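Encoded as structure tokens, the structure appears first; notes follow it.
The values are calculated or read from the model by the stated rules, or taken from the named source; none is laboratory data. Keep in mind that this is a model prediction, so the values were computed, not measured. Here the Cβ positions follow ideal geometry from the backbone for every residue, glycine too, while neighbour counts run over all protein chains shown. These area figures cover heavy atoms from the full protein model, side chains too; ligands, DNA and RNA do not enter into them. Shrake-Rupley method; radii C 1.70, N 1.55, O 1.52, S 1.80 Å.
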Amino acid sequence: MNRDILESIVRKAAESSGIQLDNDEISQMVDRTEQRLNKELTGYGKIDRPYEQFYSPDALVDNFEYERLGSFAIKQCLKNGDKVAYECGKKVTFNEMADNIMKCASALRDQGVNSGDIVVMDCLATPETITTFFAINLLGAVVRPIDPISSVETVKKIINESDSKMIITISPKYCELKQLFGVTPLKKMVCLPVSENVFFLKKKDKIKLKFAETLSDSFIKLSGSDKCILWERLMAPYSNFETSINDLQVPFDSNGWAAIFSTSGSTGEPRGVVITNENLLSSVYKQNAAQFDIDSSDTLFNPMPTHSSYFWNDILLAMLYGVTTTLSPVFDAELSSEQIIKSNCSIVLSGPILIDKLCDYVIDKNVKNLKVDLSKIRHLISGGDLLLLDTERKGNSILKSKGSTAVVENALGTSELSGPAMIPNGVMRDKTSYREGSVGLVLPGNVVSIFKYDEDGAERDILEEKYNDGLLYYEIGEICFSCDNPTLFSEYYNNQAATDAVKIMHTDGTWWYHTGDLGYMEPTGHMFCTGRKSGLIVRDGHKIWAKKIEKVVKDIDGVDDCAVIGVPDDRDKEVPACFVSFREDCGVEQKEKVKTVIQSSVMSALDEKHVPKYIDELDTIPRNLMMKVKVGELKRSEEHTSELQSRGHLVCRLLLEKKKKKKKKTQ
């Protein structure tokens, strides 16, 4: 590498990296990468593609055999035979899954599901949900999974938007969703069982769930209507039915839609992400080509909700590896640590909040001299939100202290890239692929780059002369993926403007998907994420990171949860607003003290510019089932609060002026 370029990236490393690096270490990285790639590095990740050093030449070529997801699922299930596929209160084998998918497809076809239909899925993570998803896909219809905590109005909006004639849901939701008949295109409702699939719930909660389900089932049977069908009634006529994939599946179309997943809504209103069969399968095949340190002896704990593309990505990956998956249909973040330990799985999917809770759980048990064994865990994968380096290190320490050889494997994911955008950091057999603090390596054959962004929030200056070169190693910019990547989504459903805003043609004729995530690349190809553009607050020209403030606030005694966003300000242009939910035992007087401590703690740990201008109390911080903060709701809350504050200031000013006038009269 050119000496001047090397000196430039060393300077950038000092500015950008949270990990202390010296010149020799960076020089060694460059030398190793140049040796493995057999070429001189330019200093620009877009040109060098240093991440390719970790993959074989075959892995970099996209020569996979594509088919419908339903066809893939059946073939893999038959290949895995009588091994248990799913555990969740009951056990279901892979052979049973293959048989049920084909029977379910036959049943749904007879209920009127046709190729091109959009079927809304408002379900929890159960074997029946997985069966139905692949059955719908086999018929050439499109699945639209939605957040199971969605309001009736949201479900109504989605059914109307999709012109959906059928919804797949769970029995306890029948009473609230039946009102959608007649006011939407809805013609059929299939209700799946859930109570028999839950084993992590407390006994009293199980009883409540079973009661609600039994009551709903009774209402459905008494209605006598054929609009709503219970799962057992749907499947009963096909118990001895024999068929084959070829009798059911619609011919494969590489551009044919498989599903419409919702974005997390963490930056505003959720959008429908259209994913094709090829998108999801290419992601699964590429992960397999990366040679994960996983085999059929492993077991997977998958607590993710079904409206997440990551959930389905891991369902497909588990089928490919023949891994038994433990599902958690009714996942409770507060009980997550107990669930992880009770599942006794070797692979655990989690996120920053769940890792924090696991660490606190272990520390609490240590204080009480109670044993905790984590030795079975081989992979603890974190996704869904930004993982701070302190949390990663704390997690690694806890794992090691409790007998596990695993490290926290951080990953960058996005619905638009069919789930994982990167190979989780450390999951590969090649352990030199692990790099502390990294979100991993781009999937083999995919292309990633870092481009300059305007931190003041203006339009991307893609016309700038050197914009197309990308940025130097360690230089923070926007993480972007080539639109040639086969894992990249097709479009946003019914939203061409939103699609055009993220799929952008640069002046050199290349197309790139702009993620809105900020980060940098190392000379080895490892990617590091510093947050979302929406998480960067520019206060009077100073960069403020919301996550850094949240980390300080969450460590304050009395705080249960918090979230920080940027809000407009007349003087500083943008300022941090901190939303806090307090612990139940925190009284009014203590809350006021905590608010004061927040300001002093942030000042001490960070600087004056990071100190929140507003501190607002909420009963709970609004989060989705992936535990991401719903920024849109916080912004609406802050707008309301700011309006009240403005009114309050106005009233005070009017009262003060009135008092002054009265004083003058008396004089």
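Name the residue from Gln179, Leu124, Gly81 whose Cα lies farthest towards the positive end of the charge dipole of segment 24-180, charges +1 on Cβ of Lys and Arg and -1 on Cβ of Asp and Glu.
Of Gln179, Leu124, Gly81, it is Gln179.
Nothing charged except the Cβ atoms of Lys and Arg (+1) and of Asp and Glu (-1): what's the magnitude of the dipole of segment 214-288 about its Cα centre? Round to the nearest 20 debye.
Magnitude of the dipole: close to 220 debye.
I'd like to compare 1-13, 53-65: which one has the highest average count of other Cβ atoms within 10 Å, and what's the full order after that?
Order by mean packing, descending: 1-13, 53-65.
If you wrap segment 131-228's Cα atoms in a convex hull and average its projection over all directions, what's the area in nm²?
Averaging across all directions leaves 6.8 nm² for the Cα convex hull.
Run the numbers for Glu7 and Lys75: contour at 0.36 nm per residue of separation, minus the present Cα-Cα distance, in nm.
Full extension from Glu7 to Lys75 adds 19.1 nm.
Starting from the alpha-carbon convex hull of segment 125-168, give the projected area averaged over all orientations, in nm².
That works out to 3.2 nm².
Would you mind checking the pairs Lys165/Lys221; Lys202/Lys227; Lys103/Lys188; Lys156/Lys613; Lys595/Lys628 and listing those with alpha carbons more than 28 angstrom apart?
Over 28 Å Cα-Cα: Lys202/Lys227; Lys156/Lys613.
What FRET efficiency do you get for Glu617 and Glu242 if R0 is 51 Å and r is their Cβ-Cβ distance, rounded to the nearest 0.05?
0.25
If the cut-off is a Cα-Cα distance under 17 Å, which aspartates and glutamates reach Lys365, setting aside same-chain residues fewer than 8 apart in sequence?
Partners within reach: Glu334, Glu338, Asp356, Asp373.
Which distance in nm do the two modelled labels at Glu465 and Asn255 give, with both placed 7 Å along the Cα-to-Cβ direction?
With each label point 7 Å from Cα toward Cβ, the separation is 4.0 nm.
Full extension from Gln496 to Asp332: what is 0.36 nm times the residue separation minus their Cα-Cα distance, to one decimal in nm?
Residue separation times 0.36 nm, minus the Cα-Cα distance, leaves 55.4 nm.
Could you please state, rounded to a whole Å, how far the C-alpha centre of segment 354-373 is from the C-alpha centre of segment 40-117?
Computed from Cα coordinates, the inter-centre distance equals 36 Å.
What value, in deg cm²/dmol to 500, does the helix sum -39500 (n - 2.57) over DSSP H runs of n ≥ 4 give at 222 nm once divided by the residues of the chain?
The helix contribution divided over the chain gives -12000 deg cm²/dmol.
What percent do you get for the relative contact order of segment 234-360 when only Cα pairs under 8 Å and 6+ apart count?
Answer for segment 234-360 is 20 percent.
With a Cα-only, solvent-free Debye model of the chain, what are the log10 I(q)/I(0) values at q = 0.06, 0.09, 0.11 Å⁻¹?
These q points yield log10 I(q)/I(0) values of -0.36, -0.81, -1.20.
Please give the per residue accessible area of segment 16-164, computed with a probe of 1.4 Å over protein heavy atoms only, in Å².
Each residue of segment 16-164 exposes 40 Å² on average to a 1.4 Å probe.
At a Förster distance of 45 Å, what's the computed FRET efficiency of Ser225 paired with Asn63, Cβ-Cβ distance as r, to 0.05?
Approximately 0.35, to the nearest 0.05.
In whole percent, how big is the carbon plus sulfur part of the accessible area of segment 458-542, probe 1.4 Å, protein atoms only?
48 percent
Take peptides 228-239, 368-379 and line them up by average Cβ neighbours within 10 Å, highest first, as a rough protection proxy.
228-239, 368-379
Could you report the accessible area of Ile381 in Å², rounded to 10, computed with a 1.4 Å probe on the protein chains as they sit in the structure?
20 Å²
So for the chain, taking the charge dipole from beta-carbon charges (+1 Lys/Arg, -1 Asp/Glu), which of Ile565, Ala135, Phe219 sits furthest toward the positive end?
Phe219
How far apart, in nanometres, would the label points at Lys365 and Thr214 be if each is projected 7 angstrom from Cα along the Cα-to-Cβ direction?
Reported label-point gap for Lys365 and Thr214 is 3.4 nm.
Say the cut-off is 21 Å between C-alpha atoms; which of Lys357/Lys394; Lys543/Lys591; Lys210/Lys630; Lys173/Lys210; Lys286/Lys630; Lys90/Lys342 go over it?
From Lys357/Lys394; Lys543/Lys591; Lys210/Lys630; Lys173/Lys210; Lys286/Lys630; Lys90/Lys342, over 21 Å: Lys543/Lys591; Lys210/Lys630; Lys286/Lys630.
Counting only residues 5 or more places away or on other chains, whose amide H sits under 5 Å from the amide H of Ala421 once H atoms are built in the peptide plane?
Amide H neighbours of Ala421: Leu412, Gly413, Thr414.
Which distance in nm do the two modelled labels at Ser56 and Ala605 give, with both placed 7 Å along the Cα-to-Cβ direction?
4.6 nm
Tell me the trypsin sites (Lys or Arg not before Pro) within segment 187-229 that lie in a loop according to DSSP and have at most 14 other beta-carbon atoms within 10 Å.
Lys187, Lys202, Lys227
With a cut-off of 8 Å between alpha carbons and a minimum separation of six or more residues, what is the relative contact order of the chain in percent?
Normalised by residue count, the contact order of the chain is 13 percent.
Can you tell me the FRET efficiency between Asn344 and Thr596 if r is taken as the Cβ-Cβ distance and R0 is 56 Å, rounded to the nearest 0.05?
0.80
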